[in-house]
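One structure is given below, encoded as structure tokens.
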Amino acid sequence: MSSRSVRSSLRLAARSLPLLALAIAWPAQAQYKVIGADGKVTYTDRIPNPNDGQARALNARTAPVAVEPELPLELRQVANRYPVTLYTATGACEPCQTGRTLLRQRGIPYAEKQVLGVEDSQALEKLSGGRDAPTLAIGAQIVRGMSPDLWNSYLDAAGYPRESKLPSSYQYKAPSPIVERREASAAPRPDAQPAPLQAPPPEQVQAPSGSIRF
């Protein structure tokens, strides 16, 4: 082989090395690029854990993907069996805020639904038999009104842990209306005012009994 051919072969090999390294580091099946806290870059076909670092979907031109943190097994099982929904009113609703605080301090993953109009009020009444704020749903069990002891009793019965097991990166989602709006851009009717919500008096709050409906 001539010296010219040897030099050509070496140049071709040098150009091929970066491509080969990229093929090894970025498998064909990879869907995410993850940049760790130490700056190390890895590629994976698994949905990254938030603790792994900053994740970006490959071929995406947008910001890094938001990865939902995975709940611990103990919490995930009970949340799947008995999902928790908190129904609240807008504005200055102190019992509603008390309910949020209780659920978050205990580490309960929940969805919050708010009464924003007549349709929401009617939907809440159909669901719970009243228009109390707040109302808590644990699976099929409905608890109207704010009573910390009562809420904790039902959460205990469902199997939720007493102390928070939520990952440090867990974030609660913003409240949404009870009834899904098909035309979000449509202006509300002037007469479409939310029906008043009221917390039940203390004597209406009943302790859990053998008729718990989970």
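The values are calculated or read from the model by the stated rules, or taken from the named source; none is laboratory data. Being a predicted model, the structure only gives us computed values, none of them experimental. Every residue, glycine among them, receives a Cβ derived from its backbone with ideal geometry; neighbour counts consider all protein chains shown.
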> Does segment 180-196 contain any residue that is at pLDDT below 95, surrounded by 12 or more Cβ atoms within 10 Å (Cβ to Cβ) and not small (Gly, Ala, Ser)?
Replying inline: yes
> Looking at (1) in contact with a Phe, Trp or Tyr (Cβ under 7 Å, 6 or more places away or on another chain); (2) without any contact (Cβ under 8 Å) to a residue 24 or more places away in the chain, which is the one condition that is false for THR101?
Replying inline: (1)
>> Any residue at all in segment 72-89 that's among the polar types (S, T, N, Q), in contact (Cβ under 8 Å) with a residue 60 or more places away in the chain and touching a Lys or Arg at 6+ places or on another chain (Cβ under 6 Å)?
In response: no
>> I'm told SER147 meets every condition in (1) surrounded by 20 or more Cβ atoms within 10 Å (Cβ to Cβ); (2) touching a residue at least 24 places away in the same chain (Cβ under 8 Å); (3) touching a strand residue (DSSP E or B) at 6+ places or on another chain (Cβ under 9 Å) except one. Can you identify the failing condition by its number?
In response: (3)
>> One residue is enough: does segment 158-175 have a residue meeting the conditions in a loop (DSSP other than H, G, I, E, B), more than 27 Å from LEU73 (Cα to Cα) and assigned by TED's automatic domain parsing to the domain that holds GLN77?
In response: no
